[in-house]
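K.L.:
Pasting in a structure now, in structure tokens, and then I'll have a few things to ask.
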Amino acid sequence: MVADRGWHQHHEAVARLARSYAAIPEGDAVRLAKRTTNLFRARAATSAPGLDVSGLDGVIEVVPDGPDGPVAEVQGMCTYEHLVDATLPHGLVPHVVPQLRTITLGGAVTGLGIESTSFRNGLPHESVLEMDVFTGAGEVVTTRPGDELFDAFPNSYGSLGYATRLRIKLERVPSYVALRHLRFDDAGLMAKTLAEIASAQEHDGEVVHGLDGVSFGPGEHVLTLARWTDEPGPTSDYAGQDIYFRSLQGCDRDRLTAYDYLWRWDTDWFWCSGAFGAQDPRIRRFWPRRLRRSDVYMRLLHLDRRFGIADRLDRRAGRPERERVVQDIEVPVEQLPEFLRWFDEEIGMRPVWLCPLVATRAWPVYPLAPGRLYVNVGFWGTVHVGPDAVNAPRNRAIEAKVHELGGHKSLYSDAFYDRATFDALYNTTHLAAVKRQHDPDDRLTTLYDKAVKSR
């Protein structure tokens, strides 16, 4: 585990970052010297030196009782795993803890993380009180909600700079989480019930602190209601032989420790660990528990891409070429049944994850209507499409359908929009104006070049 950083260590790390910026030849593009990522889009290889972010991956301070309530001062490259390890002993957690352990706080703020508390707490950036941003001009700018830089930062993906420090709000959480799984055979009724629960933040007289779900296929949908509790009792263990997502189909109520609830999806990368055999009992028995985690599967995926293992096996078996379909999208809750119907007919990939969210205010670069309930739909896998796979027909169809339904698409994975459509969807005119102010020499890669051109 990364040790907590003190303020002196933090200032030294920022100074080291500034020196690494000064060492990059004038006019060259500026990017992070960072080997790991949770992004699923390719990035052009480079041998150029990058920004040294070593020493910017810890927690500076946890303040359980302050003028703004419980807060934490956190470095931008700190993973949520390390952040939770620092806050949970105080009975505190961030307002939103994204699903995977190695997602960083800075990454979730600039790249729009989400989780089951987003229906009441919004997205991770909405609980940030202040942050320091290292800009393309090589300056550290302290910015707060309402500032142009702060407000444009969410969904900028490093095109405006990198967060070196963030002051975030925390909320209290007890020792356990009680779960209730509601099953539906009708997507319309499921969406209606989801909307009612999200609005009332309770169901059948029980408060609901977390809300997400899984659509296993047409006629099989599950909503999971999470309630924080200190009531003692037995807990399930899904980091062992049992698998969390399968439990949604087999039990009505469940109970986890708060820690295990936060990382319930990480152990099997939702359900994607199955691609590596990790859900086969014969293999799982010998798969070390400490290696059942998303970053291990990500490394295996990178090896597959590097050596083309799956593609070779497909060719040998005579199977059509695959198109990778790894996306998270949001649609208004009333459009969810239509999207799921279309997705089944045109894409045919299940399960998919469902996570409701409500933005607490307007954000210029990712225009969610404040106060309106959206549902994030996450789907991660491949579809056999044949020779046309290189043209990404399924991904392009998804982009068009989401736009038709008044939704949005996250940019952590491949995007295929033309420039005019992308500019309209993500308000890049405003983003460019903010970028000119803080990156006048255009040292940082633009959002379009990052998301669509993979630069």
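Just so you know, all these numbers are worked out from the coordinates, no wet-lab data involved. What you are looking at is a predicted structure, and each value in this text was computed from that prediction instead of being measured. Note that we place each Cβ from the backbone using ideal geometry, even for glycine, and neighbour counts take in every protein chain shown.
K.L.:
Students often check this: by mean Cβ neighbours within 10 Å, which of 273-282, 430-439 ranks highest, and how do the rest follow?
P.N.:
430-439, 273-282
K.L.:
Mind listing the long-range amide H neighbours of L444? Cut-off is under 5 Å, sequence gap 5 or more, other chains count too, H placed in the peptide plane at 1.01 Å from N.
P.N.:
Residues meeting the criterion, in which the H sits 1.01 Å from N, are V30.
K.L.:
Please arrange W287, W353, W265, W7 by counting, for each residue, the other beta carbons lying within 10 Å of its beta carbon, fewest first.
P.N.:
Ordered from fewest to most neighbouring Cβ atoms within 10 Å, W287, W353, W265, W7 come out as W7, W287, W353, W265.
K.L.:
While we're here: Provide the net charge surrounding E12, with neighbours chosen by a C-beta distance below 14 Å and charges set as Lys +1, Arg +1, Asp -1, Glu -1.
P.N.:
Taking every Cβ under 14 Å from that of E12, the sum is +2.
K.L.:
In addition: Got a sec? How would L149, L56 order by Cβ neighbour count within 10 Å, fewest to most? Don't skip to the end; give the middle numbers.
P.N.:
On the way: L149 20, L56 26.
Fewest-to-most Cβ neighbours within 10 Å comes out as L149, L56.
K.L.:
Taking square-rooted eigenvalues a ≥ b ≥ c of the alpha carbon gyration tensor, is segment 265-413 rounded, prolate or oblate, where a/c under 1.5 means rounded and, failing that, a/b exceeding b/c means prolate?
P.N.:
Cα axes put segment 265-413 in the oblate bin.
K.L.:
Still on this model: Nearest 500 deg cm²/dmol is fine: what mean residue ellipticity at 222 nm does the chain get from its DSSP H runs of n ≥ 4 alone, each adding -39,500 (n - 2.57), divided by its residue count?
P.N.:
Dividing the helical sum by the residues of the chain leaves -8500 deg cm²/dmol.
K.L.:
Something else now. Let me know the charge dipole size of the chain about its Cα centre in debye, to the nearest 20, where only the beta-carbon of Lys, Arg (+1) and Asp, Glu (-1) is charged.
P.N.:
1560 debye
K.L.:
What is the set of long-range amide H partners of E61 at a cut-off below 5 Å, with H atoms built 1.01 Å from backbone N?
P.N.:
E73
K.L.:
Moving on to the next point. When the Cα centres of segment 388-451 and segment 89-154 are compared, how far apart do they sit, in Å?
P.N.:
Taking the Cα centre of segment 89-154 as reference, the centre of segment 388-451 is 20 Å away.
K.L.:
Computed from the coordinates I sent, volume of the Cα convex hull per residue in Å³ equals one of (i) 162; (ii) 148; (iii) 193. Tell me the label.
P.N.:
Label of the calculated value: (ii).
K.L.:
To continue, here is another question. ³J(HN,Hα) across segment 326-333 via Karplus (A = 6.51, B = -1.76, C = 1.60, θ = phi - 60°), whole Hz, x for Gly/Pro?
P.N.:
Calculated HN-Hα couplings, in order: 10, 8, 10, 10, 10, 10, x, 4 Hz.
K.L.:
Oh, and also: Between segment 232-289 and segment 162-179, how far is it from one alpha carbon centroid to the other, in angstrom?
P.N.:
About 22 Å separates the Cα centre of segment 232-289 from the one of segment 162-179.
K.L.:
Next question. Looking at the chain, what % of its DSSP beta bridges pair antiparallel, to the nearest 5?
P.N.:
Antiparallel bridges: around 95 percent, rounded to the nearest 5.
K.L.:
A further question on this structure: With point charges of +1 on the Cβ of Lys and Arg and -1 on the Cβ of Asp and Glu, referenced to the Cα centre of the chain, which listed residue (L100, P218, G240) lies farthest in the positive direction of the dipole?
P.N.:
G240
K.L.:
Would you mind computing, in nm to one decimal, how far apart the modelled labels at R315 and D185 are, each placed 7 Å from Cα along Cα→Cβ?
P.N.:
If labels sit at R315 and D185, their model points lie 4.6 nm apart.
K.L.:
For segment 308-416, give the magnitude of the charge dipole about the Cα centre (Cβ charges: +1 Lys/Arg, -1 Asp/Glu; no others), in debye to the nearest 20.
P.N.:
Dipole magnitude for segment 308-416 comes out near 300 debye.
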